[in-house]
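Asker: What follows is a structure written as structure tokens; I'll ask about it next.
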Amino acid sequence: MTVSESPYSILIVEDEPKLAQLLIDYLQASGYQTHWLADGAEVSHCVKQQHYDLILLDLMLPVKDGITICKELRQFSDIPIIMVTAKTEEVDRLLGLEIGADDYICKPYSPREVVARVKTLLRRFYRPQDIVQNEKLVVIDEQAYQIQYNNKILDLTTAEFRLLKALATQPGKILTRDQLMDHLYDDYRIVTDRTIDSHIKNLRRKLEQLNDQIEFIRSIYGQGYRWETQAYRFR
């Protein structure tokens, strides 16, 4: 595993060490964090346990091929996937995209082209320019149990407001359902995971009214929820 200072983490799934190292070098030079897997059998487990922003997925892998992995990932994740393969037949290209891949690169490739595709896909999926432009435009009003964004006001229930406050005051940190339960009620009533998920679902639906281009709250599979931007201040 290699790490740099970028907020974006790229999972490279490639069984040829020299090619993998080449991608690592170019991606790190562009400021991305990288993690390398040579075995396709480990991919789904790693994606469930660790956050990645994009996957470079080789088609021909030992134990489990890229198409099978892509199908598995699409059952629980919408993470951007770029398929990488030496097969150039049109049927393979179409199959790769139809099973959930977002882009397709054929070997031999230019590492600079791969980096360019990665940048393009990340911009399309995560729209970082929106987050920057809207920084600190979410106002949390603790007295009125309201949030305001770009002159739009949302009224929240007590439970929704407390969940939002717990998440927004710790941007980028994953909070488990158990941790969120501690913020929900003052009377220590029994609350199930399903109750938390229901409140988060309602809260997300309301947040979409503020800006449907920003994913304010992200689900982290098997772990909990995370506030995705630092775009808030208290009133």
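Asker: Specify which of the listed residues (71, 48, 18, 64) is open to solvent by 20 Å² or more (accessible area, probe 1.4 Å) and within 17 Å of residue 106 (Cα to Cα).
Answerer: Within the list 71, 48, 18, 64, the selection yields 18.
Asker: Can you tell me which residues in the stretch 86-102 are modelled with pLDDT of 85 or more and open to solvent by less than 40 Å² (accessible area, probe 1.4 Å)? If you could, list the steps in order and put the result at the bottom.
Answerer: At the first step, the residues of the stretch 86-102 found to be modelled with pLDDT of 85 or more are 101-102.
Correct list: 101 only.
Asker: Determine whether the stretch 163-174 contains at least one residue that is of a type in the set (D, E, K, R), open to solvent by 60 Å² or more (accessible area, probe 1.4 Å) and either outside any helix (DSSP H, G or I) or modelled with pLDDT of 85 or more (or both).
Answerer: yes
Asker: Right, here's the next one. Based on this model, can you work out whether residue 58 counts as more than 21 Å from the chain's Cα centre (by Cα), of a type in the set (Asp, Glu) and either more than 28 Å from residue 171 (Cβ to Cβ) or modelled with pLDDT under 85 (or both)? Outline the logic, then answer.
Answerer: Working: more than 21 Å from the chain's Cα centre (by Cα): no; of a type in the set (Asp, Glu): yes; either more than 28 Å from residue 171 (Cβ to Cβ) or modelled with pLDDT under 85 (or both): yes.
The answer is no for residue 58.
Asker: Which of the residues that make up the stretch 198-212 are open to solvent by 40 Å² or more (accessible area, probe 1.4 Å) and not in a loop (DSSP other than H, G, I, E, B)?
Answerer: Matches in the stretch 198-212: 198, 201, 202, 204, 205, 206, 208.
The values are calculated or read from the model by the stated rules, or taken from the named source; none is laboratory data. Everything quoted here is computed from the prediction, not taken from an experiment. Because the Cβ atoms are built from the backbone with ideal geometry, glycine has one as well, and the counts that use them run over all protein chains shown. These area figures cover heavy atoms from the full protein model, side chains too; ligands, DNA and RNA do not enter into them. Shrake-Rupley method; radii C 1.70, N 1.55, O 1.52, S 1.80 Å.
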